[in-house]
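Working notes, beginning with the structure itself.
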Amino acid sequence: MAIMSRGSFHALLTLSAFMIPATMLCQNEQYDTAWQLSHATWYGEPEGDGSDGGACGFGVLAGTSYTSNIAAGSSPIFKDGEGCGACYQIKCIKNELCKTEPITVVITDLCPGGDFCEGKVHFDLSGTAFGNLAVSGKNSDLRAVGVLDLEYMRVPCSYPGQNVAFQIDPASNSQWLSIVVKYEAGPGNLQLVELQEAGSSTWQSCTRNWGANWSFNGQLKGPLSVRLTSGISGKVLVSRNSIPEAWQPGYTYASGVQITS
Ligand SMILES: *[C@@H]1O[C@H](CO)[C@@H](O)[C@H](O)[C@H]1NC(C)=O
C-alpha cells in the first residue's frame, strides 16, 4: 500500500526546505503513559523497510541499528521533522491475527496525506513491522488485511551497543555542512544541534533542514565537536572532536556518546 511516491517526497522536500523555521522547539512533548487509538497501513515491499530511506534522511535502513521496524508518521507524528527518530510501542487490535504483545517502531519517514494520513494520527508501517504485529506465522495473512486498528504509545528508544552517529550529507562542502544525526536512544529526536570549531569555546547553532537533517552555513575549522539537545528531557550531550578536520561528504562518524533518557 504505497501511499507516497518518490516524486511527491521530493516535491515536498524542496518546498519544505523553505517553509520550516530554523528552530521549532517542542515544549509539550512527553512519553505516553496510556495507549491511544489510531490506525495502521503498510507500504513498500512486504518484508521491507517501507521506503529505501525516507523523509527523515536516515538513509538505507536495512542492516542498520534501525532494523526494519519503522514507520512513516502522518503530520501530527512527523511534526515537520521533529518527530523523526521518536519511538512508539504499537499493537493492533480488533483482529484475531493480532498478537497481544506490542512491537516498537521508530519514525523514519513522513506519510504526507491521502485517505489515511491526512489530518489525523496515522502509522504507515514498513511491511516488516506490519507483519510483526501478527501472531506467529500469520505475518502475510495480516498484511493482506491492509488496514488495522492500532493502539500506540510514545516510549524511549533503545539502541543497545550503538552510540549516536553523525552522517555527513554527500552534498556537504567546505562552505556548507549538513549532518543527519542517527541512532539517538531515549527521546530519539532533537531540539537543537550545535557545532564548535577546534580551539573555540563558542557553540554555533545548526538549522534543521528537514527531518533529522541539520546544517550549518559557513566555513568551520575541524575537528568539530557536536552538542545535542534532545527532545522531551532537553538533555544536553557533548561529543568532543568527533567530526575530523578532513571530514568527507557521505561518511558517518561515531559520536562516542549516547542519550539515555
Ligand atoms: C539534507 O538537507 C539538504 C538541504 O535541504 C539536502 O540537500 C540533503 O539531500 C538532505 N539530506 C538527506 C540525507 O536527506
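The values are calculated or read from the model by the stated rules, or taken from the named source; none is laboratory data. Not measured: the values here are computed from a predicted model. We place every Cβ from the backbone using ideal geometry, glycine too, and count neighbours over all the protein chains shown. Ligands, DNA and RNA are stripped out before the accessible areas are found, and what is left, the full protein with its side chains, is counted by its heavy atoms. Shrake-Rupley method; radii C 1.70, N 1.55, O 1.52, S 1.80 Å.
Side notes on the structure shown:
- Scanning the range 195-205 for residues that are open to solvent by 20 Å² or more (accessible area, probe 1.4 Å), part of a strand (DSSP E or B) and free of Cβ contacts under 8 Å to residues at least 40 places away in the same chain yields one hit, 204.
- Test for residue 171: is it outside the structural domain of residue 104 (by TED's automatic domain parsing), in contact with a Gly (Cβ under 8 Å, 6 or more places away or on another chain) and in a loop (DSSP other than H, G, I, E, B): no
Each row is one residue, and each column tells you yes or no for (1) within 30 Å of residue 253 (Cβ to Cβ); (2) surrounded by 19 or more Cβ atoms within 10 Å (Cβ to Cβ); (3) in contact (Cβ under 8 Å) with a residue 12 or more places away in the chain.
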{"site": "129", "(1), (2), (3)": "yes, yes, yes"}
{"site": "137", "(1), (2), (3)": "no, no, no"}
{"site": "140", "(1), (2), (3)": "no, no, yes"}
{"site": "143", "(1), (2), (3)": "no, yes, yes"}
{"site": "158", "(1), (2), (3)": "yes, no, yes"}
{"site": "173", "(1), (2), (3)": "yes, no, yes"}
{"site": "180", "(1), (2), (3)": "yes, yes, yes"}
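Every residue, every condition in (1) touching a Pro at 6+ places or on another chain (Cβ under 8 Å); (2) closer than 20 Å to residue 142 by Cβ, yes or no:
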{"site": "81", "(1), (2)": "no, no"}
{"site": "86", "(1), (2)": "yes, no"}
{"site": "89", "(1), (2)": "yes, yes"}
{"site": "96", "(1), (2)": "no, yes"}
{"site": "102", "(1), (2)": "no, yes"}
{"site": "105", "(1), (2)": "no, yes"}
{"site": "108", "(1), (2)": "no, no"}
{"site": "124", "(1), (2)": "no, yes"}
{"site": "127", "(1), (2)": "yes, yes"}
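- Counting only strands (runs of 3 or more DSSP E) that sit completely within the range 36-127, those holding 1 or more residues that are of a type in the set (Val, Ile, Thr) correspond to 36-43, 70-73, 87-93, 103-110.
- Residue that is most open to solvent (accessible area, probe 1.4 Å), among those in the range 206-233 that are of a type in the set (Gly, Ala, Ser) and touching a Pro at 6+ places or on another chain (Cβ under 9 Å): 233
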